[in-house]
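Just below is one structure, and these are the notes that go with it.
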Amino acid sequence: MSKIRILIVDDIKNTRESIRRILNFNTEIEVVGEANGGSEAIRQTERLNPDLVLMDISMPDMDGIRATELLSYRAPKTSVIIMSFQSETEYMKKAMIAGAKEYIVKPFTGNDIINTILKVYKKDTRKREILNIPSEPLEDRSPARIISLFSTKGGVGKTTVAVNVAVELANRQLAKVLLIDLNLQFGDIASFLNLVPKKTIADLAQVTTVKYEEIRFNMLTHTSGVEVLAASTRPEYAELITAEHIGQILNEVKPNFDYVICDNVSRFDEISLSGLEVADEIWLVLGMDIPSIKNTKLSLDILQNLNYSHKVKIILNRFDKKSTITLKDIEDSINLKVDYTISNEEQPFITALNKGIPLIEAYPNANASEEIRKIVEKIIEKPKEHVAKKDPAKMKSFQKIFGLGR
Ligand SMILES: Nc1ncnc2c1ncn2[C@@H]1O[C@H](COP(=O)(O)OP(=O)(O)OP(=O)(O)O)[C@@H](O)[C@H]1O
Ligand SMILES: [Mg+2]
């Protein structure tokens, strides 16, 4: 008989080790892995495919309740048993609602935990059998739509828009969303989302051909369910990542997500160009000031020469009706309609940023949150499109103009 494969999730190493020791005594059970938090639990479950997860509740990065909720649809074959202290009974109820099969109160005896595991495993036999039947694929996932946020003037709100749109997309329809920080040196997506980037995109630089498994291993999971490929923790590590890596990463992640949102550095360089090339949509973000409008016009010229005009959407951020420059002035100046506007809301944005909570979650009633939800609605209702093939000759000539090409 095959053994019951278990993943132990607890932020305290000693607890994980003592549970592992207890379970090692039982010949029907095999501990296949450990995780020290909710985010790690999701990654390990997707990688190891255990029958059962023993999940602690209070963990610093993502708590066990949220992780259980995410696992209930990301890994439906895996059953979750919650381990918690008596004082956490309120949370226990929430965990059961989130999809846990059983709970066990700490401290427990070896017999308690083994009996609970055997009981849940038996109860879920039918579920595993049904989910194991090879049938029509449960979801016929079409490749992700890649959205790349760009501007050649810094500080216009690319990261803010990228983060909020990604979180809203994930919250809205259980879509699989990946947020990639292509501002490799000074990217700040992790701090916008209060994530500790233990693993980053720079860790992929050592590999010559980057495969999905490797990329997945370096992602962080935000509580909204958004996966994040964070920028390197030290600027010098960013040097190791090449445009070729970025091309490979985007090709590898595309079949595994519904939406991939790329936040860029504020200039045309090899990295941003390789991201823009595979993007299905390029969102040019601008503010209501002359330098930003001027830079947008220049960027539009370049994007047109690259044959990317059809992918471009214009996002006017920090929109203020009372500004001396009007929406019409801007549209006349760039010779294009603005697709979306997001209101200027100084205080909520700063407070949300300092708390590491996206505006859409911290201030759902703010005007800007409402506008971001509208953008997301538009994305969802639009069917995914195929990207026009790039013109390699044109790409080469632009690399020359920018002194790129290695
Ligand atoms: N609609 C808005 N209203 C008020 N403040 C905003 C708005 N959008 C962004 N901000 C603020 O503007 C600042 C810059 O935003 P953000 O970091 O997103 O810009 P960026 O384009 O990514 O910058 P960089 O080029 O440095 O990467 C942040 O402090 C953010 O909170
Ligand atoms: Mg940014």
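Please go through the range 46-55 and give me each residue that is of a type outside the set (A, V, I, L, M) and at pLDDT 95 or above, ordered by number. Matches in the range 46-55: 50, 51.
When the residues of the range 253-291 are filtered to those that are within 15 Å of ligand 2 (Cβ to nearest atom) and in a strand (DSSP E or B), the one that is nearest to residue 322 (Cα to Cα) is 286.
The set of residues in the range 68-101 being under 22 Å from the mean Cα position of the chain (by Cα) and assigned to a helix (DSSP H, G or I) consists of 68, 69, 70, 71, 72, 73, 74, 98. Given the options 292, 299, 274, 343, name the one that is at pLDDT below 95 and either at positive phi or polar (S, T, N, Q) (or both). When all the criteria are applied, what remains is 274. Checking each residue in the range 79-95 for being among the hydroxyl-bearing types (Ser, Thr, Tyr) and either in contact (Cβ under 8 Å) with a residue 40 or more places away in the chain or not assigned by TED's automatic domain parsing to the domain that holds residue 59 (or both) picks out only 79.
Taking helices (runs of 4 or more DSSP H) that fall entirely within the range 133-252, which contain at least 1 residues that are in contact (Cβ under 8 Å) with a residue 12 or more places away in the chain and within 14 Å of ligand 1 (Cβ to nearest atom)?
Output list reads 158-173, 189-192, 235-238.
Looking at the range 320-341, is at least one residue in contact (Cβ under 8 Å) with a residue 40 or more places away in the chain, in a helix (DSSP H, G or I) and within 16 Å of ligand 2 (Cβ to nearest atom)? Within the range 320-341, not a single residue is in contact (Cβ under 8 Å) with a residue 40 or more places away in the chain, in a helix (DSSP H, G or I) and within 16 Å of ligand 2 (Cβ to nearest atom). Screening 394, 384, 355 for residues that are within 22 Å of residue 193 (Cβ to Cβ), of a type outside the set (Val, Ile, Thr) and at pLDDT below 95 leaves exactly one candidate, 355.
The values are calculated or read from the model by the stated rules, or taken from the named source; none is laboratory data. Just so we're clear, the structure is a prediction, and the values are computed from it rather than from any experiment. Cβ atoms come from the backbone with ideal geometry, glycine included; neighbour counts cover every protein chain shown.
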